[in-house]
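Contents: one structure, followed by commentary.
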Amino acid sequence: MIVTVTANPSVDRTVEVDALARGTVIRARAAHVDPGGKGVNVSRALAALGHKTRAVLPSGGAEGRQLADLLAADGIELVLVPIRGAVRANVSVVEPDGTVTKLNEPGPYLVPDESAAVAEAVRTAAAQADWVVLAGSLPPGVPEDFYARLAETLRRGGTRVAIDSSGPAFASALTARPHLVKPNREELAEAAGMPVATLGDAVAAAGVLRARGADAVLASLGADGALLVDDGGAVHGEAPVPVPRSTVGAGDALLAGFLAAGGCGARALAEGLAWAAAATGLPGSRMPAPADLDRTAVRLHDTVETGRALRERDPA
Ligand SMILES: Nc1ncnc2c1ncn2[C@@H]1O[C@H](COP(=O)(O)OP(=O)(O)OP(=O)(O)O)[C@@H](O)[C@H]1O
Ligand SMILES: O=P(O)(O)OC[C@@]1(O)O[C@H](CO)[C@@H](O)[C@@H]1O
């Protein structure tokens, strides 16, 4: 069982437009709504591919009810912690060439009792979990070391912890010595305090994160695939996507696939890459079904091509 924790979930609204122009009224071609938040997406990917998962999240307001309704059909066991504020709504604006502009709200203010209730729910939900995933930003009011403290408690209790966050919440979580962290290229560069322009830079930056406390680093590198750095060394892998549609949630699919395949080693990296490639080929943050996976497209490279320049973020 993989338990996910999303401190700041969202209702994700995607609008498709012909062109994005500031200061004008833009008539959207289409719009759709998905459940959102990084841990929520990890659970959605796991459930869509037949794995048992439980998602812990704060829930309040009309958006909280909408999120629970959207998740009801997904086969995810939900642990909803009531809060007074309303769950946020995040907007993705998608242009015809696949460029996504994301507007993420800060989220509701959580009073100390509400943060404590989420932490308590995680401790209960995590009993007998194979992994606990702590993912996404923290909403206002939640202390910066929220994930760090949870990770420390869970680790002491023998539970494996994976973290995907950013900024100070991610930096402080490293000190709790998580088993796995999943930064994207920007988060890797920010946390390591160095530019990441090549695969060699990514290996070096992952080394910095390991020196700060992470056992293993699974870095997602957009169109350049993903890199796993652990005690066994560094492995780079990639899976081409013929027609990228949307990368929203692709990093979450990568992490979900990696954990579903055991959470360590090259075989898990390959599985994560297959899940991420499939998610990238689907619109919005839709998660792949078994028929969407093509494991034969995945390529692993034991020798990392350190001089290889990383591509600028793909428009999709
Ligand atoms: N253009 C692409 N072609 C092939 N694979 C891609 C492409 N873009 C993304 N991927 C796959 O998806 C994974 C995650 O992408 P990315 O690094 O953009 O994640 P992210 O920024 O964490 O995304 P999110 O936070 O929205 O989940 C990559 O590691 C890669 O495997
Ligand atoms: O604002 P955060 O918590 O950093 O990220 C939230 C978010 O952008 O991440 C998911 C994609 O990974 C989306 O479903 C969601 O809207």
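Laid out as a table, the results:
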quantity	calculated
Test for residue 27: is it among the basic types (Lys, Arg), at pLDDT 95 or above and either over 14 Å from residue 285 (Cβ atoms) or in contact with a strand residue (DSSP E or B) (Cβ under 8 Å, 6 or more places away or on another chain) (or both)	yes
Exclusive hit being out of contact with any Cys (no Cβ under 8 Å at 6 or more places or on another chain) and on the phi > 0 side of the Ramachandran plot, set 257, 237, 263	263
Residue within the stretch 216-227 that is away from ligand 2 (no atom under 15 Å from the Cβ), in a helix (DSSP H, G or I) and closer than 22 Å to residue 295 by Cβ present	yes
Which numbered condition residue 285 misses (of (1) farther than 24 Å from residue 71 by Cβ; (2) crowded, with 20+ Cβ neighbours inside 10 Å)	(1)
All strands (runs of 3 or more DSSP E) inside the stretch 6-110 with 1 or more residues being open to solvent by 20 Å² or more (accessible area, probe 1.4 Å) and touching a Lys or Arg at 6+ places or on another chain (Cβ under 9 Å)	10-16, 30-36, 53-59, 77-82, 88-94
Considering residues of the stretch 228-241 that are more than 9 Å from ligand 1 (Cβ to nearest atom) and not in a strand (DSSP E or B) only, the residue surrounded by the most Cβ atoms within 10 Å (Cβ to Cβ)	232
Unmet criterion (only one of (1) away from ligand 1 (no atom under 11 Å from the Cβ); (2) surrounded by 24 or more Cβ atoms within 10 Å (Cβ to Cβ)) for residue 296	(2)
Checklist (1) of a type outside the set (Phe, Trp, Tyr); (2) within 16 Å of ligand 2 (Cβ to nearest atom); (3) touching a Leu at 6+ places or on another chain (Cβ under 8 Å) applied to residue 166, failing item	(3)
Single residue of the stretch 214-223 satisfying the filter (out of contact with any helix residue (DSSP H, G or I) (no Cβ under 7 Å at 6 or more places or on another chain) and modelled with pLDDT of 95 or more) that is nearest to residue 257 (Cα to Cα)	216
Unique residue being modelled with pLDDT of 95 or more, in contact with a Ser or Thr (Cβ under 8 Å, 6 or more places away or on another chain) and more than 22 Å from residue 1 (Cα to Cα) when the list is 299, 308, 295, 245	308
Residue in the stretch 116-124 that is open to solvent by 30 Å² or more (accessible area, probe 1.4 Å) and within 14 Å of ligand 2 (Cβ to nearest atom) present	no
The stretch 12-65, residues that are over 15 Å from the mean Cα position of the chain (by Cα), within 16 Å of ligand 1 (Cβ to nearest atom) and of a type outside the set (D, E, K, R)	14, 48, 49
Close pairs (6 angstrom Cβ cut-off, 6 or more residues apart or separate chains): basic (Lys, Arg) in the stretch 140-169, assigned to a loop (DSSP other than H, G, I, E, B) and crowded, with 23+ Cβ neighbours inside 10 Å anywhere	none
Residue in the stretch 180-190 that is more than 16 Å from ligand 2 (Cβ to nearest atom) and in contact (Cβ under 8 Å) with a residue 40 or more places away in the chain present	yes
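Matching residues to (1) small (Gly, Ala, Ser); (2) within 16 Å of ligand 2 (Cβ to nearest atom); (3) part of a strand (DSSP E or B):
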| site | (1), (2), (3) |
| --- | --- |
| 202 | yes, no, no |
| 207 | yes, no, no |
| 210 | no, no, no |
| 243 | no, no, no |
| 252 | no, yes, no |
| 258 | no, yes, no |
| 268 | yes, no, no |
| 278 | yes, yes, no |
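The values are calculated or read from the model by the stated rules, or taken from the named source; none is laboratory data. In this text the structure is predicted, and so the values were computed from the model without any measurement. All Cβ positions, even for glycine, are placed from backbone atoms using ideal geometry, and neighbour counts span all protein chains on display. The accessibility values were calculated without ligands, DNA or RNA, using every heavy atom of the protein model including side chains. Shrake-Rupley method; radii C 1.70, N 1.55, O 1.52, S 1.80 Å.
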